[in-house]
Each structure stands twice: as structure tokens, then as C-alpha cells.
1. Enumerate the helices (runs of 4 or more DSSP H) found wholly within segment 97-203, keeping only those where 2 or more residues are among the hydrophobic types (A, V, I, L, M, F, W, C).
2. Could you give me the residue pairs with C-beta distances under 7 Å whose first residue belongs to segment 213-228 and is under 18 Å from GLU106 (Cα atoms), whose second residue is within 16 Å of the ligand (Cβ to nearest atom) and part of a strand (DSSP E or B) wherever it lies, and which are 6+ apart or on separate chains?
3. Give the residue, chosen from GLN158, GLN205, that is closer than 28 Å to ASP112 by Cβ, surrounded by fewer than 24 Cβ atoms within 10 Å (Cβ to Cβ) and of a type in the set (S, T, N, Q).
4. With part of a loop (DSSP other than H, G, I, E, B), within 16 Å of the ligand (Cβ to nearest atom) and touching a residue at least 24 places away in the same chain (Cβ under 8 Å) as the only criterion, which of ARG379, ARG345, ARG367, ARG403 stands out?
5. I need every pair where a residue in segment 285-313 that is in the same structural domain as LEU250 (by TED's automatic domain parsing) has its Cβ under 7 Å from the Cβ of a residue that is more than 8 Å from the ligand (Cβ to nearest atom) and among the aromatic types (Phe, Trp, Tyr), sequence separation at least 6 or different chains.
6. Going through segment 309-340 one residue at a time, which ones are buried (at least 21 other Cβ atoms within 10 Å of the Cβ) and within 16 Å of the ligand (Cβ to nearest atom)?
7. Could you tell me which residue of segment 273-284 is farthest from the ligand (Cβ to nearest atom), considering only residues that are surrounded by 17 or more Cβ atoms within 10 Å (Cβ to Cβ) and over 21 Å from ARG345 (Cα atoms)?
Amino acid sequence: MKVLIINCGSSSLKYQLIDSETEKVLAKGLCERIGIEGGMLSHTASETPEREARKIEKAVEMPDHVKAVELVIECLTDKEYGVIGSLEDIDAVGHRLVHGGERFSEATLITDEVIKAIEECNDLAPLHNPANLTGIRSCRQLMPEVPMVGVFDTAFHQTMPKKAYLYGIPYEYYEKYKIRRYGFHGTSHSYVSKRAAEILHKNYQDFKVIVCHLGNGASVSAVKNGQCVDTSMGLTPLEGLFMGTRSGDLDPAILEFICNKENLSISEMLTILNKKSGVLGLSKLSSDFRDLIAAANDGNELARTTLEAYSYRVAKYIGAYTAAMNGVDAIVFTAGIGENNSDVRQLVGDYLSYLGTGVDRSKNDVRGKEAVISYDEARIPILIVPTNEELAIARETVKVLGR
Ligand code: ADP
């Protein structure tokens, strides 16, 4: 089956066409600045035994997402850099969806009723869900016959027990508005935790694993016997770890204090917490860890402190989740920083001697591939497992369609 994976943001659309039998990416690309002047499209057709990889980049105006999907289909079917003969070759579309609220605990076939239910979750993810729905509507308009599946970022975390997902605020806010912790990056946490069990030849149903998904957005999850029991993001992706530009956990009273001092509204303050805080805000430098490490190695004190504060918080979550699961069988790093940044892994690993484990410096010089990086006698293996959310979405899509 050829599955088109769509990840639609408010002004961007990422896509991959995956052959579900071989699990190979046939083509992938990105549309940027949709609805904004200066649109850009990049498309790469993967290498095959017959030909080399082909990449095109072009400036093209995309007034809306329908136009973007139209261009994606044109690229996929193009005679020169396309990978399929016609639209009929696309067997299914898998949509990455951010918030499924309490309604969706697994991937779901998209129907009119499901679209309505996703709309009802818009309040919970006002930036993401409407954009995701635009992607669904655009694809439906252009491919009305093709079955579509929604895969939710929150779904994997729906197994969290009440004690983990409730906030310590009046219960009526949960009853009235469903204010609770939901968690995100679920597709990644699910894929990576399963893969870790496979690599270690463990039974996933009898396995306690902590997954550290450290990308621009970052979250940790505790997965016990195949089910998520806790995760660091909350009602929104703002809770938990320090991130590229998000603050993560803080004392909520800080909001009023800064608003008063700086004459800001709550929504301006939330923009600061989402876009100008975390690693960027603290280091006064960059949200990108490559810049941070370079500066820290150059003697920039604030960059060093930021790096230490970041790693310290990851280590604290590992401690908390070890307690939550009454033990841990493996600790895994994934996503941009987790897969590529040996400094952060080393710093986090240095906190884990109480568990009888740590990162072996000589094994840690690895980027973007599966590896065990704990020292040989370690009681608990520490791994790198590159995430692959698109492949996970393709697998879910095939599963839901029962093919
Ligand atoms: P997201 O998907 O959440 O936007 P990513 O998973 O791509 O984010 O992670 C982005 C982060 O990964 C950036 O901070 C970047 O510095 C870091 N990163 C990516 N590649 C490397 C690398 N080769 N070395 C060090 N850090 C890297």
C-alpha cells in the first residue's frame, strides 16, 4: 500500500509517501509559507535501483492548503521527479493530528462524525487542531475516494491513570472544561518504546521504559507494560522540560508578576513562555543546541548554565518516572537532540549512577542511529533510538484500514 502522510501546520505542510510493504519512503517534501507571500516547496524523490535521488525546490505562491496539496500531488505524479503514475496510486492518507482530547485513544478512520469530534477539541489546541483539520479538508476535496486515518499525538497517553493526569486545581474545571494533562509526541513515544523492547529482546508487555524525546519540543514519558503511565507535557505542550523556546514547568504565579511589571497581557505572556523562553530565553543566544554547545565550549557561561539546567531537568524527570514505575528497565534518547547531541546525553547520564547505570563516553559518539550507549556492566541499558513518526503513522493507517 502507498500511504501519503500529511503533517499540516497553520502555514506549512510536510509530507511523505511511504510504501507500507517495504516501509521505504518513496518521496518527501515540505510546503512553507502557505497563505503568506513567498511560498516555497521542496520535494525529494528517493533513490531507487533505477535512478538517483532527485530534489527540487521552487518558489510558488500557495494561497491556501488546497493549493499546497494540489502541488504535492503534482510533484508526486510528475514525469521527471514523481514517484507514482497517478493519484489512483495513493491508497490511503494518514494525517498527523495534535489533539484528540479524551475522545481518541487510538488512530481512527476519518469520517464526518470524526471531523466534528476533532473540531470539538479545537479549544484544547487552538493553534494546531484547526490547521490539522484544514489539511484533512484539503485532501478530502482533492482525493474524495481515498480513505484517510487520523493519528493523534495525544492518543498513546490516554492510558495514563487519573492520579497522573489530574492537576491539583478545583475538580470542577476538569468536569466543566476537561482541564487535565494530555501529553504529546505520543506517536514517537509509542514507536520508540516498542523499538527499544525489540532491540533489547524484551517482552514489551513486561517492560518499564523511560523515553526522552528531546527535539525542539521535548517530553519524557514513562511506559510500563506497553502503556503510557505518565508524560511530562500537559494540557498543552508548554509543561514539562525546558525546550528550544518553551519554558516548561514553572510557578504559575510568575505570570501575574511579570505581567504587572512589564505591562503585558496573559496572551502576550504566553507567547513569551512558548516562543521566547526555554533554551533561547535563558541562554540569550539561540534555541538550537548546536549553537548552544559551540558557545558553551567557547567559554560562554550562560550557555553552559543553560545546558546544565536543561540536562538537570531531564535527569529529574527520569528520577520521577523511575519512582512512578517502581523501577526502570531501559532509558531511551530520541529526536533531534536525543539522537545527535552527545553532550546532553553525557550530562544526563552522569546523574544516573544511583540506578547503577551511566553513559560510556566511548560509545556515546554516535549520531542518528540505534545504539546502546551505557557502559558494559550497567544495570540498566541506555539507548539511542531514532524516532520515525511518519513510519509509525503509516503503520497505524494500515492497521486501521485492516490491510
Ligand atoms: P522538532 O521536530 O521538534 O522541530 P527536532 O527533533 O528536529 O525538532 O530537533 C531539533 C533540535 O535538534 C535542535 O536543537 C538541533 O540543534 C538539534 N540537532 C539536530 N541535529 C543535530 C546535530 N547534528 N547535532 C546536535 N544537535 C542537533
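The values are calculated or read from the model by the stated rules, or taken from the named source; none is laboratory data. If you're wondering where the values come from, they're calculated on a predicted model, not measured in any experiment. In this analysis, Cβ positions are derived from the backbone assuming ideal geometry, glycine residues included, and neighbour counts consider all displayed protein chains.
1. Details: elements: 112-120, 129-142, 162-165, 171-177, 186-199.
Output list reads 112-120, 129-142, 186-199.
2. Once the first residue is under 18 Å from GLU106 (Cα atoms) and sits in segment 213-228, its partners that are within 16 Å of the ligand (Cβ to nearest atom) and part of a strand (DSSP E or B) give SER221/VAL211; SER221/THR231; VAL223/VAL211; CYS228/SER221.
3. Numbers: GLN205 fails: closer than 28 Å to ASP112 by Cβ.
The match here is GLN158.
4. Numbers: ARG379 fails: within 16 Å of the ligand (Cβ to nearest atom); ARG345 fails: part of a loop (DSSP other than H, G, I, E, B); ARG403 fails: within 16 Å of the ligand (Cβ to nearest atom).
Sole residue among the options that is part of a loop (DSSP other than H, G, I, E, B), within 16 Å of the ligand (Cβ to nearest atom) and touching a residue at least 24 places away in the same chain (Cβ under 8 Å): ARG367.
5. Note: pairs meeting the criteria are ALA309/PHE242; TYR310/PHE242; ARG313/PHE242.
6. Across segment 309-340, the qualifying residues are TYR310, SER311, VAL314, VAL332, PHE333, THR334, ALA335, ILE337, GLY338, GLU339.
7. Quick first cut of segment 273-284, residues surrounded by 17 or more Cβ atoms within 10 Å (Cβ to Cβ) only: 273-274, 277-283.
Right, trim to over 21 Å from ARG345 (Cα atoms) and you get 273-274, 277, 281.
On the way: LEU273: 17, ASN274: 13, SER277: 15, GLY281: 14 Å.
The extreme case among them is LEU273.
Yes/no matrix, rows are residues, columns are (1) within 16 Å of the ligand (Cβ to nearest atom); (2) surrounded by fewer than 18 Cβ atoms within 10 Å (Cβ to Cβ); (3) of a type in the set (Asp, Glu):
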{"site": "LEU200", "(1), (2), (3)": "no, yes, no"}
{"site": "GLY217", "(1), (2), (3)": "yes, no, no"}
{"site": "VAL229", "(1), (2), (3)": "no, no, no"}
{"site": "MET233", "(1), (2), (3)": "yes, no, no"}
{"site": "PHE242", "(1), (2), (3)": "yes, no, no"}
{"site": "PHE257", "(1), (2), (3)": "no, yes, no"}
{"site": "LEU270", "(1), (2), (3)": "no, yes, no"}
{"site": "SER287", "(1), (2), (3)": "yes, no, no"}
